[in-house]
1. Mind counting the residues in region 9-46 that are within 19 Å of the chain's Cα centre (by Cα) and touching a residue at least 60 places away in the same chain (Cβ under 8 Å)?
2. Which condition number does residue 91 fail, the rest of (1) over 28 Å from residue 165 (Cα atoms); (2) in contact with a strand residue (DSSP E or B) (Cβ under 6 Å, 6 or more places away or on another chain); (3) away from the ligand (no atom under 16 Å from the Cβ) being met?
3. Looking only at helices (runs of 4 or more DSSP H) that fall completely inside region 155-238, which ones have 3 or more residues that are within 16 Å of the ligand (Cβ to nearest atom)?
4. Which of the following residues is modelled with pLDDT of 95 or more, farther than 30 Å from residue 65 by Cβ and surrounded by fewer than 23 Cβ atoms within 10 Å (Cβ to Cβ): 278, 338?
5. Just name the residue that is farthest from the ligand (Cβ to nearest atom) out of those in region 133-154 that are surrounded by 14 or more Cβ atoms within 10 Å (Cβ to Cβ) and assigned to a loop (DSSP other than H, G, I, E, B).
6. Give the residue that is nearest to the ligand (Cβ to nearest atom), with candidates limited to residues of region 96-125 that are in a helix (DSSP H, G or I) and over 18 Å from residue 138 (Cβ atoms).
Ligand code: GLY
């Protein structure tokens with residue numbers, strides 16, 4: 001089992017990665033939360049991962065899908081916790097992917113003004129990203145993750161054994177987030193020119209390397225003052241793709257990580273257009289996305305104007321267009337981007353590839 005610390009002073013915790021970490025839950029709860037007498041296990045009906053917290057527990061299922069990330073579901077959970085008699089010294093255990101960890105984490109942050117929670121991440125995407133870092137929250141019709149809290153878990157368990165039953169599209173989604181880390185390397189990272197050899201590593205090591213990069217960034221900027229925004233690399237377009245015509249309600253089923261992969265290629269081309277990187281570096285974005293077996297193509301029917309309006313609403317935007325872009329000093333937040341450059345880059349992607357589905 002590998003252990004990666006997230007060093008946040010009194011809020012520090014370990015991310016444990018291995019093929020049986022779910023079975024360590026009782027011991028970990030006893031060690032990090034010795035006063036917890038009761039656990040609320042938050043999961044989904046289809047997750048099928050059973051855990052033993054070693055203390056009396058109740059299980060609460062939340063609905064599937066991004067639409068489950070709502071204030072109504074948080075209210076339901078908090079009422080469930082109250083009826084189960086959860087006290088401030090007890091613990092919420094989230095068992096699932098990013099929807100579950102975001103919901104359970106925010107319910108834990110809110111219930112009695114904050115009780116402890118532990119994530120048992122069961123999807124690749126949650127293991128390398130969503131379950132770590134303390135950003136919890138839900139969606140409102142005006143945008144994704146617009147209501148939430150910074151609330152760090154007490155531990156994160158990444159059980160790589162349970163990933164064996166993950167559907168192929170969920171693997172692809174996780175790989176999109178993994179591909180992002182190729183460009184965020186830093187001292188904990190993997191060489192951005194060796195995505196293929198990275199993919200030859202044992203899965204637990206791949207996960208641990210991504211977690212180490214994320215942990216380093218979160219430690220440097222827990223509450224997303226600036227640096228932490230680099231974790232949103234590729235996400236400005238990805239969120240717009242998900243929020244606009246290509247959300248679940250449209251019948252298109254672009255997964256989050258698949259949208260991030262397209263967003264990475266877009267970010268590379270935009271950075272090149274702005275003279276921040278050269279052709280070779282922009283092309284590397286496409287190569288890395290390809291090495292992770294993901295498509296770089298914009299959906300064919302994309303409406304650049306609609307995407308632009310969603311990108312302007314992105315939380316990072318602060319009213320102008322803000323992107324996380326590669327450059328001579330690495331990936332960083334760049335504000336005040338001209339809309340015409342964004343539209344031209346979208347058009348370049350459409351013209352170059354003809355678009356997905358044509
Ligand atoms: N929960 C995801 C993050 O903190 O980045």
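1. At the first step, the residues of region 9-46 found to be within 19 Å of the chain's Cα centre (by Cα) are 13-17, 42-44.
With touching a residue at least 60 places away in the same chain (Cβ under 8 Å) added as a condition, the list becomes 13-17, 42.
The number of residues fulfilling the criteria is 6.
2. Evaluating residue 91 over (1) over 28 Å from residue 165 (Cα atoms); (2) in contact with a strand residue (DSSP E or B) (Cβ under 6 Å, 6 or more places away or on another chain); (3) away from the ligand (no atom under 16 Å from the Cβ) leaves (1) as the failure.
3. Working: elements: 168-181, 195-200, 203-220.
In region 155-238, the matching helices (runs of 4 or more DSSP H) lie at 168-181, 203-220.
4. Values: 338 fails: modelled with pLDDT of 95 or more.
Answer to the selection: 278.
5. Within region 133-154, the subset surrounded by 14 or more Cβ atoms within 10 Å (Cβ to Cβ) is 133-139, 143-145, 147-154.
Of the ones still in play, those that are also assigned to a loop (DSSP other than H, G, I, E, B) are 133-134, 151-154.
Values: 133: 3, 134: 5, 151: 9, 152: 8, 153: 9, 154: 14 Å.
By that ranking, first place goes to 154.
6. Initially, region 96-125 is screened for residues in a helix (DSSP H, G or I), giving 98-113, 124-125.
Right, trim to over 18 Å from residue 138 (Cβ atoms) and you get 112, 124.
Details: 112: 21, 124: 14 Å.
Checking each candidate, the answer is 124.
The values are calculated or read from the model by the stated rules, or taken from the named source; none is laboratory data. These figures come from a predicted structure and were not determined experimentally. Cβ: placed from backbone, ideal geometry, glycine included. Neighbour counts: every protein chain shown.
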